[in-house]
Every structure is written in C-alpha cells, then in structure tokens.
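Here the structure comes first, spelled out in structure tokens, and everything after it is commentary.
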Amino acid sequence: MYSSKILAVLKKAGVEIGDIIRVNSGNEEYLGILMPRAGESDDLVIKLESGYNIGIGSEDAKIELKEKAKKKKEEKEDVQKRGEVAILGAGGTILSKVEYTTGATFPISNPNDIAAAFPKIKEIASFHSKILFQLFSEDFTPEHWKMIAKSVAEEIKEGAKGVVIMHGTDTLHYTSAALSFALQNLPVPLVLVGSQRSSDRPSSDNESNLLNAVFLAKSDIAHVGVCMHANSNDSFANFHLGTKARKMHSSRRDAFQSINSLPLARADYQSKKIEPLIPYTKRDEKRKLEMHNHFSSNVAMIYAHPGIKPELIDKLSDYDGVVFVGTGLCNIPTNPMNDKFANNILPNAKALVDSGIPVVMSTQTIYGRVNMNVYSAGRKIQEAGIIGNGADWTPETAYVKLCWVLGKEKRMEKVRELMMKNVAGEITERTNYDEKIVDF
Ligand code: ASP
C-alpha cells in the first residue's frame, strides 16, 4: 500500500492503481502503469513500456493521468484459439499476477489470465496458453519433467511454431536439461523462462523475460534453451543452451549463466534483434521430433565435503545411480597420506559401482572440466569405475542425464557409454566460456 500522503496525491490527480500515468521527477519523465505496493511506501512503482518496474521517489514528483485502467471485461479475451506459439505454465514467480485492487500477487490458474497479465505478448506473436500445473520448481521431480515433455510434444504435433514454458527459476536448469534429453531433433524452438522478481516488485523481470521468450520461440533457433535477463539493466536477454544453463545468483535478474559455453544467442524483442553467439540448428518444421521421455526418479546427488563420512556413501545403496559433486578437478576424500583424522570414502563408492550402481562425477567449481588424470586420487577414482572423466557438464546436467540414461538402461557398460556420449550439447570438446562477448 502507498502511504496516506501519496494516496492523497494520487486521488487529487484522479489516478488509481492500474492506470497509465506520466510522472515527472527531477529531470526524468516516466510513462507507465501505476502498480500496487506491498507495505507502507512513499515511492511510486510504475511498470514502464519495456515491462520493467521502476520505483520513483514521490517527494517532488508531478503525477498526471494518461489513461484509465482497462476494465476486467475487456481483458478477458479468448486466447484459446491456437496461435503460432504455445505458452505452457508450470508455476514459479513468473506465473503470477497482481490483483490491482488489493495489490496482492496470486498464482495464475486460468490460462486466459496470461493474456490479461501480459497484454504485449500479442504484439509479438499469436499464441494460446495452458496451465500444466502450478508449482514452485524446488518441488519438481522427474515426473514433472516427463509431464512437461509430453505436453510440449503434443503442442509441436498440433503445429506450434514454437513453445514457451513459464517455470520457477530455482530448478529451471534441471528442467531445461531434462527436456534437452527427452525431446531430440526439435523442429522448432523450445524456450524456458522464469522471473527472479514478481510483478508487484520494482524492477520485476517477468514481462521482459516473457516477451523475449516469445520472440525467441518465433526465431529459427531450434533448441531447448533458457531465456533470462542478460545483465542488470533491461536491455536484452540471453538464450542459454538447455544443458549449459545454470542459476548462479539467488536474487539478481541476470542470475542465469551459460557454463563452459557462450549462450546460444542474445535477444531483444524491442529492437527485434537476435544475435546468435554459437553455431545452432535451424528451425525445420518438417523435422521429426524424437521423444525419449524416460527418467529414473531414483538417483542421488551428493556433495563431497571435508569430513564426509564413509557410512553416508553406504546409505546410497538403495539408489539406481549416484552423482558426486566432487571438489576441484573432481576429487572425493581418499586419504592417500593416511592421516588419522581424514576419511577415505573411495572403497564405499567402489562398493556401489561393484554392486551395479553407476557413480558419476562432476565438480563443485561449476566452471571447468572433470579431470581425474592429474592427481593419483583422481586416477584411483577412475579405476574404481567412476564415470565422467573429461566431461564439462554442470552437476545438475550430470544428474539429469544419469536420471535419463537410467530411465531406459541399467547395464553398467551401456550406462557408461551413453553418459560419455554427447547427446544435447552437455559435453563439449573445447571450452569457450572465456571468449569475449561483443557488445550487442
Ligand atoms: N522458488 C521459486 C521457484 O523456483 C522461485 C521462482 O519462481 O523463481 O519456483
């Protein structure tokens, strides 16, 4: 809620929440929709044309009404006619709307509300929308990945020219990796999008992320990817390859980064520009989508840490597979110096492998490659049968890939072979993450 002082100013100007206003403050002029606010505040929040929410001190601000808010009835339009782009809702902050009268945010449960909450989508593409489910992404399981993959395949079969998935950001990169393995030979783009800040917050990234995602869904980049803010201002979004994306910050709008790779492309729906940054597969609507929608829900991921106990590893024997997030070049404690305080968990990990449970390695440095050739500990880890030497996957992608491989194959040698074969860009030969990014 705004303070009583500012409410009086708004009343005098005939302005209500949801109206389009012009605000002059200092030397700046802003035009946008007056947003509701949580908590007592003297700062105005307006949603600018770009979809960016901005907070403006009201001290010396001049407020002028430009246009009254559209009535609810007008917002309700039938979006269920099939459009070029299918927008599927799977929850998270991005799939919420502000109730202008109360200022509260609610999960969107009616697909029509996507059109009402994001009226600019139709300026970019015709679309239809569906809510698959409303969940925070930390609550996802591999079952949810399968549900999403199935729905995307149906949309593509029905002729969608591109698909957008609205999704929470916390595990967006797990789902993007899962869809990269489950949906191969994609004929059209599949764009996952989230937002770090909800629509009632100044600097919300929800609308600009979604508009860039729809713009990318119409592009010729036929990959599974994640579209999110590229930097701390509002100029463009990055499109990260589904197996290389990772959430790298808990709150920044540019939290998503491509790991060990450049992004696929950068996109700006406002200037209608898409700049590819790495080679990509072009859209071909005649290409036949291949579905490989099988995931084990019984894989564990475990972080190697100082003091980790051998017994913890023994407890993993009920799992179908285990991913280690190792230290540095991909180590786990093996105690080669026979230190009296140190532990050796390698015999326990080897026992898992010997009992037929594949164990895969990744690194907690996030950037860099699994390299188990450098230290003798690493060589022993390889000799124990732990999979992954040379891979530059993220821990999450290694985990999703193991779930995927174990969803159809249990034979250790086959699992090893499939894990080490690049399927969806998860293992690259050359790491080019430090290549210079040219200005957009
Ligand atoms: N915890 C939320 C989720 O991942 C955060 C978000 O929506 O971005 O669903």
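The values are calculated or read from the model by the stated rules, or taken from the named source; none is laboratory data. Bear in mind the structure is a predicted one, so any value in this text is a computation, not a measurement. Cβ: placed from backbone, ideal geometry, glycine included. Neighbour counts: every protein chain shown. These area figures cover heavy atoms from the full protein model, side chains too; ligands, DNA and RNA do not enter into them. Shrake-Rupley method; radii C 1.70, N 1.55, O 1.52, S 1.80 Å.
Annotation: residue 110 fulfils all but one of (1) over 30 Å from residue 404 (Cβ atoms); (2) open to solvent by less than 10 Å² (accessible area, probe 1.4 Å); the unmet one is (2).
Within the range 279-314, take every residue that is closer than 30 Å to residue 156 by Cα and without any contact (Cβ under 8 Å) to a residue 60 or more places away in the chain and give me the one that is most open to solvent (accessible area, probe 1.4 Å). By that ranking, first place goes to 279.
Screening residue 371 with (1) more than 25 Å from the chain's Cα centre (by Cα); (2) farther than 17 Å from residue 421 by Cα; (3) in contact (Cβ under 8 Å) with a residue 12 or more places away in the chain gives one miss only, at (2).
To keep it simple, each residue is scored yes or no on (1) farther than 23 Å from residue 368 by Cα; (2) modelled with pLDDT of 95 or more; (3) in contact with a helix residue (DSSP H, G or I) (Cβ under 8 Å, 6 or more places away or on another chain).
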position: 190; (1), (2), (3): yes, yes, yes
position: 196; (1), (2), (3): yes, no, yes
position: 202; (1), (2), (3): yes, no, no
position: 211; (1), (2), (3): yes, yes, yes
position: 215; (1), (2), (3): yes, yes, yes
position: 236; (1), (2), (3): yes, no, yes
position: 239; (1), (2), (3): no, yes, yes
position: 243; (1), (2), (3): no, yes, yes
position: 251; (1), (2), (3): yes, no, no
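Restricting attention to the range 108-126, report how many residues are under 21 Å from the mean Cα position of the chain (by Cα) and either within 19 Å of residue 53 (Cβ to Cβ) or modelled with pLDDT of 95 or more (or both).
Step one: filter the range 108-126 for residues under 21 Å from the mean Cα position of the chain (by Cα), giving 108-109, 111, 114, 117-118, 121.
Keeping just the survivors that are either within 19 Å of residue 53 (Cβ to Cβ) or modelled with pLDDT of 95 or more (or both) gives 108, 114, 117-118, 121.
Selection size over the range 108-126: 5.
Go through the residues of the range 357-365 one by one and say whether even a single one is open to solvent by 10 Å² or more (accessible area, probe 1.4 Å), in a loop (DSSP other than H, G, I, E, B) and under 22 Å from residue 306 (Cβ atoms). Looking through the range 357-365, at least one residue is open to solvent by 10 Å² or more (accessible area, probe 1.4 Å), in a loop (DSSP other than H, G, I, E, B) and under 22 Å from residue 306 (Cβ atoms). Looking only at residues in the range 136-175 that are within 12 Å of the chain's Cα centre (by Cα) and small (Gly, Ala, Ser), which one is nearest to the ligand (Cβ to nearest atom)? Only one residue fits best here, namely 168. If you take the residues in the range 120-134 that are in contact with a strand residue (DSSP E or B) (Cβ under 6 Å, 6 or more places away or on another chain) and open to solvent by 30 Å² or more (accessible area, probe 1.4 Å), which one is farthest from the ligand (Cβ to nearest atom)? Only one residue tops the list, namely 130.
For the range 50-65: of the residues being of a type in the set (S, T, N, Q) and under 30 Å from residue 124 (Cα atoms), which is modelled with the highest pLDDT?
Step one: filter the range 50-65 for residues of a type in the set (S, T, N, Q), giving 50, 53, 58.
From what's left, under 30 Å from residue 124 (Cα atoms): 50, 53.
On the way: 50: 72, 53: 79.
Looking at residues that are of a type in the set (S, T, N, Q) and under 30 Å from residue 124 (Cα atoms), I get 53.
For the range 371-412, the candidate set comprises residues that are in a loop (DSSP other than H, G, I, E, B) and among the β-branched types (Val, Ile, Thr); within that set, the residue that is most open to solvent (accessible area, probe 1.4 Å) is 374. For the range 90-103, the criterion of being under 21 Å from the mean Cα position of the chain (by Cα), more than 23 Å from residue 35 (Cα to Cα) and within 15 Å of the ligand (Cβ to nearest atom) is met by at least one residue.
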